[in-house]
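The values are calculated or read from the model by the stated rules, or taken from the named source; none is laboratory data. For clarity, every value in this text was computed on a predicted model and none was experimentally measured. Note: ideal-geometry Cβ built from the backbone for every residue, glycine included; neighbour counts use all protein chains shown. We work out accessible area using only protein heavy atoms, side chains counted, and drop any ligands, DNA or RNA first. Shrake-Rupley method; radii C 1.70, N 1.55, O 1.52, S 1.80 Å.
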Amino acid sequence: MAQTLALSGGTPIRTKPFTSWPIFGKPEEKRLLRTLRSGKWGRLNGKEVEEFENRFATMHGCKHGIAVVNGTVSLRIGLMAAGIRAEDEVIVPPYTFLSTASAVVEANAIPVFADIDLNTFNLDPKAVEAAITRRTRAIIPVHFAGQSANMSAIMAIARKHKLTVIEDAAHAHGAIYKGRPAGSIGHLGSFSFQSSKNLTSGEGGIITTNDAALAEACRSIHSCGRIPSGLWYEHHVMSGNYRLGEFQGAILNCQIDRLEAQTKRRDANGQYLAKRLSQLPGLHPQKRIAGCDRHSYHLFMMRIDGAKFGASRAAVIKALQAEGVPCSAGYAVSLNQQPLFRNNAFGPYLPKASARLNYRNVRCPNSDLLCREQTIWFEQSMFLGTRADMDDIARAFEKIHENREALRQNEPVGQASSLGRQPMQQSWLKRDP
Ligand SMILES: Cc1ncc(COP(=O)(O)O)c(C=O)c1O
């Protein structure tokens, strides 16, 4: 007989918490204290950020690393360094965090959404090719969840159309594709060190590249448009102060020592769980592509086909949480469906293009399907635990599947997001002409 679901008063599979994040200890304390006592707290007079830039770049197969305040600014600086101009088009996926597309708008360029592949959750090269126009200048593939996009196909398209490729590797620290680290395959790579990321300093980011001219441009833009041979108060290009601070550099220099072992463990646990879950009907963990030598599992992401599994995503998520397995549905809508894009709420950016852009007509059915009813996310720190932790997740799914009939009786209603229908009521968004 099936065990009673925790939702219905049964014993949960698990009461013990999974591994929490961040992980830190004496090395971080020592370095932070040393930095504090040095009185050198800024990038311009300390050595921590410089040391980290060199280590991170080398570890990711790049000659240059430019640390910045976050992984949004890193994308924008990359676009500016690559010479993207006002109203140029940049192809981005719709299944990603805001920044992948908002950084394009902040560079005064136009994000063009190309749909993702339903099994890998990354840009579909065929959709990229179809989205190219005479205005296209760049592609930003996201290595979503920590698995590299199909970079062979994307780089071939970029070569054919002379486009710049900026890898959004915010999820992909330590990921490897065909022997090459994520962030070293395109012209530029962009990483985030925000709190949830696999390598974190609370906030932070880095740009990686093997191109000396692009590195020079990024370094100038990240520090007030200065150039190495110029005077201190000499500013050559539109820029700002986007330098990372020394305390963050100090933490990152310790966190990076932990990264390799953590990445190996996440990848092993993620692969094991994917194998187990694939045995249940209707469950589709992110498909591992040919050439994925290492997945960094910033997220363990999967699809559930509710009809085949026998219960909807919303019901399964609720049941998993009750069984002691934290998870979420991820993005409620594709990025192109966000009010920002539906309403062309671009503030001072894209003043001319706004009149002709209509994101309401953009169609990304694969991404929409994932958001609306299929994705389930598990966070990276759960994959730093043991094989027994993975077995608990798998057992929770198995238990829910056995109880699918009972679960269907309690289907939650109104699970669809209201985001797409949200009226613009906030007065601060409006302005008199
Ligand atoms: C795919 C992706 N790109 C870019 C970013 C932006 O990074 P940050 O939060 O450091 O600005 C994130 C962050 O969460 C992300 O998930």
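Rounded to the nearest 10 degrees, the angle from helix 246-278 to the longest Cα principal axis of the chain is 30 degrees.
Here Lys47 is the anchor, and the aspartates and glutamates within straight C-alpha reach of less than 15 Å, apart from those fewer than 8 places off in the same chain, are Glu246. Heavy atoms of the protein chains alone define the surface here; on that basis the range 317-408 has 43 Å² accessible area per residue at 1.4 Å probe size.
Axis of helix 151-161 versus longest Cα principal axis of the chain: the two differ by about 40°, to the nearest ten degrees. Would you work out what percent of the accessible area of the range 247-323, with all protein chains in place, is carbon or sulfur (probe 1.4 Å)? Reported share for carbon and sulfur atoms: 51 percent. Put simply, the Cα atoms of the range 106-240 extend 51, 38, 27 Å along their principal axes, the longest span coming first. Magnitude of the charge dipole for the range 211-285, about its Cα centre and with charges confined to Cβ atoms of Lys, Arg (+1) and Asp, Glu (-1), is about 500 debye. For the range 1-110, the carbon plus sulfur part of the accessible surface works out to 55%, probe radius 1.4 Å. The ratio of the alpha-carbon radius of gyration of the chain to the globular-protein estimate 2.2 N^0.38 Å is 1.02. In the range 211-282 the Cα-Cα distances spread across 10 Å bins starting at 0 as 16, 23, 21, 18, 14, 6, 1 percent of all pairs.
Averaged per residue, the range 52-197 has 30 square angstrom of accessible surface, using a 1.4 angstrom probe with ligands and nucleic acids left out.
Solvent-accessible surface (1.4 Å probe) assigned to Tyr331 amounts to roughly 50 Å². Counting only alpha carbon atoms, the long axis of helix 212-221 and the longest principal axis of the chain meet at about 90°. Taking a ≥ b ≥ c as the square roots of the eigenvalues of the Cα gyration tensor, the range 1-145 is oblate, since a/c reaches 1.5 or more and a/b is not larger than b/c.
Excluding same-chain residues fewer than 8 positions from Lys275, which aspartates and glutamates have a Cα within less than 16 Å of its Cα? Answer for Lys275, where 16 Å is the Cα cut-off: Asp267, Asp389, Asp391, Asp392, Glu398, listed by chain and number.
Computed with a 1.4 Å probe over protein heavy atoms only, the accessible area of Arg288 comes to about 80 Å². Straight Cα distances below 20 angstrom link Lys352 to the lysines Lys430, with same-chain residues fewer than 8 positions distant left out.
For the chain, modelled as a GNM whose springs connect Cα atoms under 10 angstrom apart, the maximal fluctuation among Leu280, Leu79, Leu214 occurs at Leu280. Only one residue of His64, Leu340, Cys292 has its Cα farthest out toward the positive end of the dipole of the chain, where Lys and Arg carry +1 and Asp and Glu -1 on Cβ, and that residue is His64.
Here the range 90-185 was treated as a single set of alpha-carbon atoms; its pair distances binned every 10 Å from 0 give 18, 54, 27, 1 percent.
Charged side chains reduced to their Cβ positions (Lys and Arg at +1, Asp and Glu at -1) give the chain a dipole of some 220 debye around its Cα centre.
In the chain, helical runs assigned H by DSSP with n ≥ 4 each contribute -39500 (n - 2.57); averaged across all residues and rounded to the nearest 500, the mean residue ellipticity at 222 nm is -10000 deg cm²/dmol.
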